[in-house]
Amino acid sequence: MPADYNGRWEMVSSKSFEDVLKALDIDFATRKIASHLHQSKVIVQNGDKFETKTLSTFSNYEVDFTVGEEFDEQTKGLDNRKVKTLVNWDGDKLVCVQKGEKENRGWKQWLDGDLLHLEIMVLDKVCQQVFKRA
């Protein structure tokens with residue numbers, strides 16, 4: 001049985017988010033605003049089906065996926081690119097690969113007790129965020 005990601009998650013730390021945004025060619029003003037935002041995540045999981053929302057006062061982002069099924073994702077609210085996205089299990093860790101105009105793009109997330117760890121990668125940049133179950 002895979003890990004249970006269901007719930008609301010509140011950000012407790014974020015490192016190098018602005019570096020990832022810069023690698024995505026996000027403009028200076030937007031990077032500055034986004035790097036200071038407090039984010040919440042709402043995840044509804046039913047087996048391998050996920051409905052996810054990332055919420056902040058500046059921008060919200062929703063993406064639904066089924067583990068193991070590639071889909072077309074429009075990263076509206078972030079860098080507004082079209083990517084081919086595939087999320088797979090690696091043990092209890094979710095690993096996402098996004099194919100598009102930026103190399104080495106994707107994310108990994110895993111649970112450690114009541115903490116949700118998220119690593120976001122683009123090119124050679126990695127952002128590490130931690131969320132606590134609300």
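In the condition set (1) hydrophobic (A, V, I, L, M, F, W, C); (2) within 21 Å of LEU123 (Cα to Cα); (3) open to solvent by 30 Å² or more (accessible area, probe 1.4 Å); (4) in contact with an Asp or Glu (Cβ under 7 Å, 6 or more places away or on another chain), LEU24 is compliant with all but (3).
Residues are listed down the side, and each one gets a yes or a no for (1) under 23 Å from ARG133 (Cβ atoms); (2) open to solvent by less than 40 Å² (accessible area, probe 1.4 Å):
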site	(1), (2)
LYS15	yes, no
GLU18	no, no
ILE43	yes, yes
GLY47	yes, yes
THR57	yes, no
LYS82	no, no
TRP107	yes, no
ASP114	yes, no
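The single condition from (1) touching a helix residue (DSSP H, G or I) at 6+ places or on another chain (Cβ under 7 Å); (2) aliphatic (A, V, I, L, M); (3) surrounded by 16 or more Cβ atoms within 10 Å (Cβ to Cβ) that LEU123 fails is (3). Just one of (1) part of a strand (DSSP E or B); (2) touching a residue at least 40 places away in the same chain (Cβ under 8 Å); (3) touching a strand residue (DSSP E or B) at 6+ places or on another chain (Cβ under 6 Å) fails for LEU111. It is (3). The residues listed here are ASP92, ASP64, ASP72; of these, the one that is within 23 Å of ASN46 (Cα to Cα), surrounded by fewer than 17 Cβ atoms within 10 Å (Cβ to Cβ), touching a Lys or Arg at 6+ places or on another chain (Cβ under 7 Å) and among the charged types (D, E, K, R) is ASP72.
The values are calculated or read from the model by the stated rules, or taken from the named source; none is laboratory data. Computed from a prediction, not measured in an experiment: that's the story for all the values here. So basically every Cβ, Gly included, is an ideal-geometry build from the backbone, and we count neighbours across all protein chains shown. For accessibility, only protein heavy atoms count, side chains too; no ligands or nucleic acids. Shrake-Rupley method; radii C 1.70, N 1.55, O 1.52, S 1.80 Å.
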